[in-house]
Amino acid sequence: MQIIPLFVAIPLGVAFFIPMVARKRPRVADTLANLTTLALFLMAISVIGKNGVYWMGGWGPFKHVPLGINLVLDGVSVFMLITIALISFLVTIYSIQYMDKFTAKARFYALFLLMLAGMNGVALTGDLFNLYVFLEIASIASYALVAFGCEHEELEASFKYLVLGSVGSTLILFGVAITYAMTGNLNMAQVSSIIGGELKPIHLFVVALFISGFGLKAALIPFHAWLPDAHPSAPAPISAMLSGVLIKTIGVYAMARVMFNVIGITPLTSYVLMVLGTVSMVVGVLLAMGQDDIKRFLAYSSISQVGYVVLAVGIGTRFAIAAGLFHLINHAVFKSLLFLNSGAIEYATGTRDLNKMGRLREKMPVTSTTSFIGSMAIAGIPPFSGFWSKLFIIIAAVQAERYGFAAWAAGVSVLTLAAFMRLQRRAFFGERHEAYDSAKEVPGTMQASMVGLAILCIVMGFLWLPQARETFLIPAAKVLQEGLNYASNILGM
Amino acid sequence: MADKGMTPIVKTITGWVKGFIMLFGIYIVLYGHLTPGGGFAGGVILAMVFVLLTLAYGREEALRRFRIGVASELDSIGALMFLVIAILGIAGTLGGKFFTNYIAKANPGTPFELFSAGIIPLCNIAIALKVASSLFLVFILLVLMRVIHDPREKA
């Protein structure tokens, strides 16, 4: 399994290579970045269904005690790698023409690939401190990317994001430090076998630190204040990456991995996750309702949708986790699509204000159609992908006899539909406004990327078919649901 | 040139010590695997030479000796060098794993001598390049940013 470290090494290497060779040649930067994300996507496809532990430098475990640092490829890692690679590939295609209006394209791709390396690292690592390091790589690259336009609003948003993101990282680092003090070890598998599911008060403190830290990264309410500023300020491809993948990888995935596989899930933790998920779900969509800035609206809606994933993961049955992960990848696809649509509108009309749009459907047919598909998918209209994942989350909640949570999930789905109908009416249907005259359809690669994502919104529902489910979603859910067996799987005990 | 920077005393002393500081930085890097220190610490000392030059002679002098473009290239080269050393470990005959210490496996050397720890000194050199150039860049960019917003400099 020599391919495992390359998931981190390739984007990291190209990230430093691009500024050297392509600073004055934007097309070279485009080509290199697109080839890299394509290669990562193909590599991610090639590891579906495979498992492996990679010991760095050949320092394997000695009598079941780990000596070195390891990378772990298992069901959830593969799932995250695919999600990251899929979205980043389509987003780099979109960036080719969208980013032409910015200078310094080489730097954009360098930061983008650095963020990608960080996220792949988070998905693969088997070491708590490495988790923190990769998380910081991804976060710091994203702080810079949010400020990429260098306007007043962007710098302010980036600063807010930087401060709150650093608070989150510090909480996580505290958690890691206390874990190290308790167990004398940082290897996730070893820590997990030492704690062994017995939670003392100090462990509960660690759980609280990790939930707040990763909650800040995942922008769960009440830790969400930075997201509605940071995500709209970034260039559209980056908004798509941040909302589509970053908050899930370094927030939800990392939290689930630590809670389930390292510390061990307890009824209390599980209940806290469900409550946090439900609060985010409800408050997020209510806050989204009143927004006039299209990207701010989408950002609030991301908070709400991530709430669904956290709720499902919190329920903790294998079916619920699989449904949650299904919603995670679906949301990555349709939220990226919607952010790319908003970027297309901004590209064509120069505004993000819903009050200035209207009837853009006539001028921008591709953007309008794909945005309609994305909206229907996120609102949970059959047969689009979002319908299936929300349905399975609700069924899972009912099966686990969490009727209240199921009712909230169903209710929020209706509110989401209302919110997105409002978006569609004001942007693409309804009355003409000043943005109408200047609007025209966006260039080819941007269209191609949006169409690709829209097609995925329709076909992703098939992931739940037994064949696909058994190779992709269920193995991922199984790793989390089996919890502390993680240790014996890795150390071979 | 004459009216920039600090007094002639500081300038003269800086001129005398800058070479020694740099030599000390290089020593810390090259002996990183034997004594306390290493790529990061040595890199910081190397960057401090140019920080000292900026403080004593003004930023033009420091930028004349270490241009931003060069620093930026070295920054990337350091990172790439580190990565290439690590990736070479994967190549079959050399060991077979990412970050395998293939030089030490083929030729262990005598412990506590300069040529002994395989790829570790090479990694230290790569880290030193990266740290020295990026720390200098961070410092010089903060200096330049201050100047842009300083109304006295507009004239």
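Using θ = phi - 60° in the Karplus curve 6.51 cos²θ - 1.76 cosθ + 1.60, the 3J(HN,Hα) couplings for region A:350-363 round to x, 9, 10, 7, 4, 5, 9, 9, x, 6, 5, 3, 6, 8 Hz; x is entered for Gly and Pro.
Using a probe of 1.4 angstrom, how much of the accessible area of region B:8-154 is carbon and sulfur, in percent? Carbon-and-sulfur percentage of accessible area, whole number: 75. Think of the protein assembly as shown as having a plus end and a minus end, set by charges on the Cβ of Lys, Arg, Asp and Glu; of A:G60, A:A230, A:L42, A:L42 sits farthest toward the positive end of this dipole. In the context of the full set of protein chains, residues of region B:1-74 present 57 Å² of accessible surface per residue (probe radius 1.4 Å, heavy atoms only).
In region A:37-58, burial by the other protein chains removes 30 Å² or more of 1.4 Å probe accessible surface, compared with the chain on its own, from A:Y54, A:M56, A:G57. Ranked from largest to smallest solvent-accessible area, with a 1.4 Å probe on the protein heavy atoms, A:F297, B:F50 come out as B:F50, A:F297.
Taking every Cα-Cα distance in chain A and sorting them into 10 Å bins from zero, the calculated P(r) comes out as 4, 21, 33, 27, 12, 3, 0, 0 percent. Spread over its residues, the convex hull of the C-alpha atoms of region B:8-154 is 113 Å³ per residue. For chain A, carbon and sulfur atoms together expose 67% of the accessible surface, with a 1.4 angstrom probe and every protein chain in place.
Among the protein heavy atoms, those of A:R318 account for about 80 Å² of accessible surface (1.4 Å probe, every chain in place). Excluding ligands, DNA and RNA, the accessible surface per residue across chain A is 34 Å² with a 1.4 Å probe. Using only Cα atoms, find the angle between the long axis of helix B:68-88 and the longest principal axis of chain B, and express it within 0 to 90 degrees, rounded to the nearest 10. The helix B:68-88 is inclined about 10 degrees to chain B. Loop-located GluC sites (Glu not before Pro) in region A:346-428 (DSSP state other than H, G, I, E, B) with a sparse environment of at most 11 neighbouring Cβ atoms within 10 Å: A:E401.
What you get for region B:8-154, charging only the Cβ of Lys and Arg (+1) and of Asp and Glu (-1), is a dipole of about 220 debye around the Cα centre. Ranking B:I21, B:I85, B:I140 by how far each Cα lies toward the positive end of the dipole of chain B (charges on Cβ) leaves B:I140 at the top.
Measuring with a 1.4 angstrom probe and ignoring ligands and nucleic acids, A:Y132 comes out at about 40 Å² accessible. Taking A:I321, B:I90 and ordering them by how much accessible surface each has at a 1.4 Å probe, largest first, produces B:I90, A:I321. Residues A:D74, A:D437, A:D229, sorted by accessible area with the largest first, give A:D437, A:D229, A:D74 [1.4 Å probe; ligands and nucleic acids excluded].
Over region A:112-270, the alpha carbon radius of gyration divided by the compact-protein estimate 2.2 N^0.38 Å works out to 1.04.
Between the amide H of A:T125 and those of A:V72, distances stay under 5 Å, these residues lying 5 or more places away or on another chain, with hydrogens modeled in the peptide plane. The contact between chain A and chain B removes approximately 1300 Å² from the accessible area (both sides summed; 1.4 Å probe; ligands, DNA and RNA excluded).
The values are calculated or read from the model by the stated rules, or taken from the named source; none is laboratory data. Values in this document were obtained by computation on a predicted structure and should not be read as measured data. For neighbour counting, all protein chains shown are included, and Cβ atoms are generated from backbone atoms with ideal geometry for every residue, glycine included. Side chains are part of the model used for accessible areas, which takes the heavy atoms of the whole protein and leaves out ligands, DNA and RNA. Shrake-Rupley method; radii C 1.70, N 1.55, O 1.52, S 1.80 Å.
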